[in-house]
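First up is the structure itself, then whatever we jot down about it.
The values are calculated or read from the model by the stated rules, or taken from the named source; none is laboratory data. This is a predicted model, so every value here is computed, not measured. Quick reminder, even Gly has a Cβ in these numbers, built from the backbone with ideal geometry, and neighbours come from all protein chains shown.
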């Protein structure tokens, strides 16, 4: 691990070469918005709201700050017209799921995002993955996971594991930026109450 | 079969094999690829075997079930060697005649030959058929002559001599130089120079490295890789082993989609045979090089064709791509240096080693060397797999080789690059095929799918179709793709249903930007391409759908009405009887009328109306003419 | 092609263990194991997933994600006859949507569903690679090529 020098928004920033752009920026007080990021969890790169512009060797591209590694002599811009357009659209897409989320609301104010740009969606979940990743990486219980793919993707509790582990834990609850997680849990509890766990087959 | 322990032993075996084969012996080769299976080649094969036995010709005639010949429109295909007589669209009933007439009496059966539609000339030899004549079949040529389940056939045509050359006459650096010199670019879609990819892995300081064959071939309409893997699996294995030797890998994976059972079977057989003979395993041919290959099946996810998602799937997880910031040739499978290349890319490697990079670079354009196999499908006369040198024009491929558009219809667009690509219109027909040329025109090479569209294809619907495909196949991890592409699909679906409004195109363009710039992987980043290219070249169709609620191609159900032209209807009652919604009113000698309230737009009446009447019409963007009066509907003798 | 009656009870544990052992009980072979079980049993009952979770030491949440992520797997019993309609681009351009609409009408089910008698399961597939025969309908591995919507009814009648 060694020290490197980057330029973020015109400011010289010293960072360690094992950091991400996000970590380097945060270390010096530059704010980049995030939704799916958590310092205790592996970077996820799912929400894309931390998109920034990087330039090295004369080439620019847009990358997710939470996963892109800090490099020596990298020039980073955290705001631009294009970046702001992308963040605004990401917010508008997520607001169609969770228009009342406080976190989304604050960011929407900053980027001028209209929560009615798209028709309301049935599910609150914005797929930040914080609950699934927390249970997998920190608690190592895997009580909740993803099912399906694409727009049909959802979070789902495993009833047998959840009934064992979640009542006394619930550490993931405060992480959820919308009310989706708590709703999913309550639904699972209700199902488990009416369907006792399967008897396992005798060998 | 005892293991071959040295190049000298291999040459002995090759000599022996060749001496046992009589090049003048009558051989019937029958295309037995998956597409021909679908047209009944298995039954033809059985019929041939039976007939040969029946006519007492088992010792005089060999039968060889080969891989795909490429001319899929005319399958099942047989070629009779050594004369190279080619018969097309064979049915089991044709076989006895073929054996008695052609095999026994050397007489040609003219009705089974290819007839040139323009000159009406009958062509006997396969290589003279225009479909084949204009191709450059460097890779596919062997498919016509070898039985993919027989390693002896591969050895008889010089198979594995490239591997011997690499292991005993070249060091890894020299192999790398040759591949770099050839400028072989990835045939799976990325077009990235293989040599540079290999170099990165070779130089990565790690003791464990991997090579992977990407045989996921998810682009709908593309089946070149399947035909290569089914028809000449050893060529892929040989290329893979050479790549492994170059970068220092001892383990290779072949990721095949499970929807290709014959390919899975044939590559499995090939690996077992290669291991038996000693071309795979420990101390290959006594060189000290160890290499083993494992087959891993896909489970039905297009996104797993993306290299990082493929590696995630190999690790036993859901195929979610990883960001490309850390290149997978440095940190790939299990975080180890991994070279992943497409089937066709690997198959090119033995050719380059055997013939040299200079030989290879004589084919193609300045920046796109070699040949490319395209699957020419859709509204085209000669559907099939074609291999051409890069630089051939789209016009030549579609018209000279493809035989043009069926039914006398007008060419409208050619779609290349699968769901990541775009549609090119008639003005682009003189474009020379190549990686950069296609990208500059607004499409891309992709894996080689080439879908031809005609005047009856609605381009707005094509964009909707691809977005529907991608919405289904998106892994769902990132917002721009999961949410953005989904919203694009919603808007496009509304447009095709007549619910388009002002501002739709602008919103689509905004969403396209977010996907292109913000998505995590290439699936999301290229998802807007079909929309962007159709908007660029066919904007008038979008405007017609939105402003006039009209579908110019007469395809979008909600925007068309079916109408029976009273001038043409002869009251034959065929459409009336077949209409599943009982929506046609009429009787014998009384011109039929469609009840628009009941009509479900199923297209049946349009299909079944006899072509000599062609009375059923589709209308869009204008009101249906009011029905003519009862008296006018009656057909009297001698009227009209 | 005659299909055996589809099983609605779970596969027995011995058979599951056999398959797992073939892959050396390696967690990374999870997808291959599930493919074999799906192929033999025609669906993945929950008890089977739990057994695999135990033997491969993989959390059930991950198995569930994989079983729902990949189209090859089914968590509900399939019908006796599987209808696949190719919706690849070449077939689409040749009118596959109309064929699908007709088959949906005739069977009463949508893609991804099985009818109540467990007779037919309907799926769309993206390219069977028989583009010369488009539009293509495949039933139990048998290809019905160049099929028009009007012809589908006759094709389906052959199956009981």
Worksheet item: Restricting segment B:77-87 to residues that are touching a strand residue (DSSP E or B) at 6+ places or on another chain (Cβ under 6 Å) and in a loop (DSSP other than H, G, I, E, B), which is modelled with the lowest pLDDT?
Response: B:84
Fill in: Subset of segment A:154-170 that is assigned to a loop (DSSP other than H, G, I, E, B) and touching a helix residue (DSSP H, G or I) at 6+ places or on another chain (Cβ under 7 Å) - its residue that is surrounded by the fewest Cβ atoms within 10 Å (Cβ to Cβ)
A:166
Item to complete: Hey, could you check segment A:55-75 for residues that are more than 10 Å from every other protein chain (Cβ to nearest Cβ) and in a strand (DSSP E or B) and say which is modelled with the lowest pLDDT?
Response: A:56
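Identify, please: which residue in segment B:272-294 is within 15 Å of residue B:213 (Cβ to Cβ) and crowded, with 19+ Cβ neighbours inside 10 Å and is, among those, nearest to the other protein chains (Cβ to nearest Cβ)? Spell out the reasoning first.
Within segment B:272-294, the first condition is being within 15 Å of residue B:213 (Cβ to Cβ), and the residues that meet it are B:274, B:280, B:291-294.
Checking which are crowded, with 19+ Cβ neighbours inside 10 Å leaves us with B:274, B:280, B:291, B:293.
Numbers: B:274: 21, B:280: 19, B:291: 20, B:293: 15 Å.
Among residues in segment B:272-294 that are within 15 Å of residue B:213 (Cβ to Cβ) and crowded, with 19+ Cβ neighbours inside 10 Å, the one nearest to the other protein chains (Cβ to nearest Cβ) is B:293.
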Worksheet, complete the sentence: Restricting segment C:34-62 to residues that are assigned to a helix (DSSP H, G or I) and facing chain A (nearest Cβ under 9 Å), the one surrounded by the most Cβ atoms within 10 Å (Cβ to Cβ) turns out to be C:61
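For (1) buried (at least 24 other Cβ atoms within 10 Å of the Cβ); (2) assigned to a loop (DSSP other than H, G, I, E, B); (3) within 11 Å of another protein chain (Cβ to nearest Cβ); (4) touching a strand residue (DSSP E or B) at 6+ places or on another chain (Cβ under 8 Å), each residue gets a yes or a no:
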position: B:463; (1), (2), (3), (4): yes, no, no, no
position: B:466; (1), (2), (3), (4): yes, no, yes, no
position: B:470; (1), (2), (3), (4): yes, no, yes, no
position: B:482; (1), (2), (3), (4): yes, no, yes, no
position: B:491; (1), (2), (3), (4): no, no, yes, no
position: B:499; (1), (2), (3), (4): no, yes, no, no
Worksheet item: How many residues are more than 9 Å from every other protein chain (Cβ to nearest Cβ), in contact with a strand residue (DSSP E or B) (Cβ under 9 Å, 6 or more places away or on another chain) and modelled with pLDDT under 95 when one looks only at segment B:309-327?
Response: 0
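Per-residue answers, yes or no, for (1) more than 14 Å from chain C (Cβ to nearest Cβ); (2) closer than 21 Å to residue C:138 by Cβ; (3) touching a residue at least 40 places away in the same chain (Cβ under 8 Å):
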{"residue": "B:13", "(1), (2), (3)": "yes, no, yes"}
{"residue": "B:16", "(1), (2), (3)": "yes, no, no"}
{"residue": "B:24", "(1), (2), (3)": "yes, no, yes"}
{"residue": "B:30", "(1), (2), (3)": "yes, no, yes"}
{"residue": "B:34", "(1), (2), (3)": "no, yes, yes"}
{"residue": "B:37", "(1), (2), (3)": "no, yes, yes"}
{"residue": "B:43", "(1), (2), (3)": "no, yes, yes"}
Discussion item. Considering only segment A:156-166, I want to know if a residue exists there that is more than 10 Å from chain C (Cβ to nearest Cβ), on the phi > 0 side of the Ramachandran plot and touching a residue at least 24 places away in the same chain (Cβ under 8 Å).
Written reply: no
Response to the item:
In segment B:549-578, anything touching a residue at least 60 places away in the same chain (Cβ under 8 Å) and over 24 Å from residue C:95 (Cβ atoms) is listed as B:566, B:567, B:570, B:571
Worksheet item: residue B:568 fails exactly one of the following numbered conditions: (1) over 30 Å from residue B:425 (Cβ atoms); (2) out of contact with any strand residue (DSSP E or B) (no Cβ under 9 Å at 6 or more places or on another chain). What is the number of that condition?
Response: (2)
Discussion item. Can you say whether residue A:132 is in contact with a strand residue (DSSP E or B) (Cβ under 7 Å, 6 or more places away or on another chain) and in contact (Cβ under 8 Å) with a residue 24 or more places away in the chain, as far as the supplied structure shows?
Written reply: no
Item to complete: Evaluate the following for residue B:184: is it closer than 23 Å to residue B:301 by Cβ, crowded, with 24+ Cβ neighbours inside 10 Å and touching a residue at least 60 places away in the same chain (Cβ under 8 Å)?
Response: no
Worksheet item: Which condition number in (1) surrounded by fewer than 20 Cβ atoms within 10 Å (Cβ to Cβ); (2) under 12 Å from the mean Cα position of the chain (by Cα); (3) not in a strand (DSSP E or B) is the one that residue C:123 fails?
Response: (3)
Discussion item. Go through (1) over 16 Å from residue B:220 (Cβ atoms); (2) surrounded by 19 or more Cβ atoms within 10 Å (Cβ to Cβ); (3) within 10 Å of chain B (Cβ to nearest Cβ) for residue C:148 and report which single condition fails.
Written reply: (2)
Worksheet, complete the sentence: Note on segment B:44-62: residues farther than 21 Å from residue B:33 by Cα and part of a strand (DSSP E or B) are B:61
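Can you confirm whether residue A:85 is in a loop (DSSP other than H, G, I, E, B) and modelled with pLDDT of 95 or more?
No: the conditions fail for residue A:85.
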Worksheet item: Before we move on, is residue A:132 touching a helix residue (DSSP H, G or I) at 6+ places or on another chain (Cβ under 6 Å), buried (at least 21 other Cβ atoms within 10 Å of the Cβ), at pLDDT 90 or above and at the interface with chain C (Cβ under 8 Å from one of its Cβ atoms)?
Response: no
Worksheet item: Which one of these does residue A:85 not meet: (1) surrounded by fewer than 18 Cβ atoms within 10 Å (Cβ to Cβ); (2) within 14 Å of chain B (Cβ to nearest Cβ); (3) closer than 21 Å to residue A:176 by Cα?
Response: (3)
Discussion item. Take residue B:523 and tell me if it is assigned to a helix (DSSP H, G or I), within 14 Å of chain A (Cβ to nearest Cβ) and either touching a helix residue (DSSP H, G or I) at 6+ places or on another chain (Cβ under 6 Å) or crowded, with 24+ Cβ neighbours inside 10 Å (or both).
Written reply: yes
Worksheet item: For segment B:381-431, how many residues are more than 18 Å from the chain's Cα centre (by Cα), assigned to a helix (DSSP H, G or I) and either within 14 Å of chain C (Cβ to nearest Cβ) or buried (at least 22 other Cβ atoms within 10 Å of the Cβ) (or both)?
Response: 2
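Taking residue B:456, is it surrounded by fewer than 19 Cβ atoms within 10 Å (Cβ to Cβ) and assigned to a helix (DSSP H, G or I)?
no
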Worksheet item: Is there a residue in segment C:93-104 that is modelled with pLDDT under 95, under 28 Å from residue A:143 (Cα atoms) and more than 18 Å from the chain's Cα centre (by Cα)?
Response: no
Item to complete: Test residue C:65 against the stated conditions and say whether it is assigned by TED's automatic domain parsing to the domain that holds residue C:12 and either within 30 Å of residue B:33 (Cβ to Cβ) or modelled with pLDDT of 95 or more (or both).
Response: yes
Practice prompt. Collect the residues in segment B:579-624 that are farther than 17 Å from residue B:558 by Cβ, out of contact with any strand residue (DSSP E or B) (no Cβ under 9 Å at 6 or more places or on another chain) and touching a residue at least 12 places away in the same chain (Cβ under 8 Å), keeping them in residue-number order.
Written response: B:580, B:582, B:587, B:588, B:604, B:610, B:613, B:614
